[in-house]
Amino acid sequence: MIVPIYKQDIIVEKNIHEIIDFMDKATFRPTSAVITRSSFVKGFEFRGSVWSNGFCVIRNSDLQSSLAPMAKASISPVNENSCEVHLEIGPNILTVIFMSLFVIGILAIGATVIYEIITHGMCGGSVLIMTVFILFASVFFLFLRFGFYSRYKKLKSRMVELLS
C-alpha cells in the first residue's frame, strides 16, 4: 500500500493495450518477496507487478532501499484510441511509519535540548544532546533528500513522460 504524494488523472492518447504491453516488457517481476541479488535484473526499467488494467512498480536499480517511491496506476479505456490513467506516486506505508517514528525521536531529542538549555544553560550535557540532535536531524534530511526525493522526481518525470 502506498501513501500518495502525487496524484493525477491523465487522458492518454494511447490504447490501454499499448501502455500495458510496454510496462509488461519494461517490468521485472521478482518471483519471491525476499529481496536478494537475483531480485535486480539488468535490462528492465521497473520492478513490480503489471496486470490487465494497471501496474504498481518502482524503478529497478542496483541501489534499492525502502525509501524508493512506488508508482501505482489504474487504467480505464475512454475509447479505442485513448484511455484514462489514474496515477499515484509515493512511499510505501511502512516507510511513512518508519519516518514518522524517526521524526518523533528527533522531536524528543530537540525538546530535551531546549529543556536542558533552559534549566542548566549551555553546559557539557546540553552540548552533547544538541550534537546528537543535529546529527539525527542531518541524517533525516539526507534520507529525505537523497534517499526519497531524488528518486521520487525521477520516477514522477518518467511516468509522466510515458503517459503523455
Magnitude of the Cβ-charge dipole (Lys and Arg +1, Asp and Glu -1) of segment 109-164 about the Cα centre, nearest 20 debye, reported as 500
So the carbon and sulfur contribution to the accessible area of the chain, 1.4 Å probe, in percent, is 65
Helix-only [θ] at 222 nm, the chain, -39500 (n - 2.57) per DSSP H run of 4+, per residue, nearest 500, equals -15000 deg cm²/dmol
Number of Lys pairs in the chain closer than 23 Å at Cα, excluding neighbours under 8 places apart unless interchain, is 20
Karplus ³J(HN,Hα) for segment 116-121 (6.51 cos²θ - 1.76 cosθ + 1.60, θ = phi - 60°; Hz, whole; x = Gly/Pro) runs 5, 5, 5, 7, 10, x
Expected max-MSF residue from His86, His120, His17 in the GNM of the chain (alpha carbon, under 10 Å) is His120
Rounded to the nearest 10 Å², the 1.4 Å probe accessible area of Leu101 is 120
Per-residue accessible area, 1.4 Å probe, largest first, puts Leu162, Leu107, Leu142 in the order Leu107, Leu142, Leu162
About its Cα centre, the chain carries a charge dipole, from +1 on Lys and Arg Cβ atoms and -1 on Asp and Glu Cβ atoms, whose size in debye to the nearest 20 is 460
GluC sites (Glu not before Pro) in segment 72-129 lying in a DSSP loop, each with at most 15 other Cβ atoms within 10 Å of its Cβ, come to Glu80
Per its Cα gyration tensor (rounded if a/c is under 1.5, else prolate when a/b beats b/c, else oblate), segment 99-164 is best filed as prolate
Probe 1.4 Å, all chains present, heavy atoms only: Glu161 accessible area in Å², nearest 10, is 120
Using alpha carbon positions and the Kirkwood radius, the Rg to Rh ratio of segment 60-110 is 1.26
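The values are calculated or read from the model by the stated rules, or taken from the named source; none is laboratory data. The structure displayed is predicted, hence computed values, not measured ones. Backbone-built Cβ (ideal geometry, glycine too); neighbour counts: all protein chains shown. We work out accessible area using only protein heavy atoms, side chains counted, and drop any ligands, DNA or RNA first. Shrake-Rupley method; radii C 1.70, N 1.55, O 1.52, S 1.80 Å.
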